[in-house]
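Only the coordinates and a few stated rules stand behind these numbers; no lab work does. Since the structure is predicted, the reported quantities are computational estimates derived from the model, not experimental observations. No Cβ is skipped: glycine too gets one built from the backbone with ideal geometry, and neighbour counts run over all protein chains shown.
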Amino acid sequence: MQTENAETPAGTARIHWHRAAEPRLVLALGHGAGGGIEARDLRALAAALPGRGVTVALVEQPWRVAGKKVAPAPKTLDTAWRALWPALAAPGLPVVAGGRSAGARVACRTAAELGAVAVLALSFPLHPPGRPEKSRADELLGAGVPVLVVQGARDPFGRPEEFPPGTAPVAVPGGDHGFAVPKSAGITQEDALMVITDAVAGWLAERTG
């Protein structure tokens, strides 16, 4: 793993590169508003995908690098992502933009303008908990590129069956917003993460033929 700092108008961002030996594309993943790149799904993808020809870049937004506890406004997140994009594209490979929760929203809002070939949305916050009328489906539907959504079956920010046609998620049985599964779920945590990594690996293979 290699780290690289990237300067943005919002401060210094940090890219953690997990490189494939013979990469065919880059998967750039941002974190959520309540945590960082230590999230279980991001770590699982960074561990599993380089062996399948995918270089994974885990991106720490400047507010996390600076040690702050609260994420800034979406506009500021987008500004930082745009500024660090040249570093993500520097290897000269197709780039799939993505992230979990707020990071997925950033990827959707900026994918088309930045030239991402697709978007991976992990735990997309379709609506605030208990507020389904406050839908953010327009961000998914307006991404302008192919989108894969991976969603926990009991995510309070939007269960898989709540998503609009054309955005049907890969459902992680028993998973919450962080893809944690209870002992009663009938699936182990390891198996739940394998659902994610296998689905993403298969989908990414389709992006490069």
Highest GNM mean-square fluctuation among 106, 65, 147, for the chain with Cα springs under 10 Å, belongs to 65
Note: residue 206 to residue 141 extended length (0.36 nm per residue) minus current alpha-carbon separation gives 21.4 nm
Where a ≥ b ≥ c are root eigenvalues of the Cα gyration tensor, a/c under 1.5 meaning rounded, otherwise prolate if a/b exceeds b/c and oblate otherwise, the chain counts as rounded
Answer in debye to the nearest 20: the dipole magnitude of the range 12-120 about its Cα centre, from +1 Lys/Arg and -1 Asp/Glu charges placed on Cβ, is 240 debye
What is the distance in Å between the Cα centroid of the range 59-97 and that of the range 161-180? 25 Å
Quick one: compute a quarter of the convex hull surface over the Cα atoms of the range 1-63 and quote it in nm². 4.2 nm²
Inter-probe distance in nm under a simple model that places probes 7 Å from Cα toward Cβ, at residue 198 and residue 5: 4.2 nm
With each label point set 7 Å from Cα along the Cα-Cβ vector, what nm distance links residue 133 and residue 69? 3.2 nm
Mean Cα-pair separation over length for the range 73-174, i.e. relative contact order, pairs under 8 Å, 6 or more apart, %: 21 percent
For the chain, modelled as a GNM with alpha-carbon contacts under 10 angstrom, which of 14, 109, 40 fluctuates the most? 40
One finds, for residue 47 and residue 183 with R0 = 25 angstrom and r their Cβ-Cβ distance, a FRET efficiency to the nearest 0.05 of 0.60
Row for the range 103-209, column shape: gyration tensor on C-alpha, a ≥ b ≥ c, rounded if a/c < 1.5 i.e. under 1.5, prolate if a/b over b/c, else oblate; value oblate
If you take the square roots of the eigenvalues of the alpha-carbon gyration tensor of the range 169-208 and sort them as a ≥ b ≥ c, do you get rounded (a/c under 1.5), prolate (a/b over b/c) or oblate? prolate
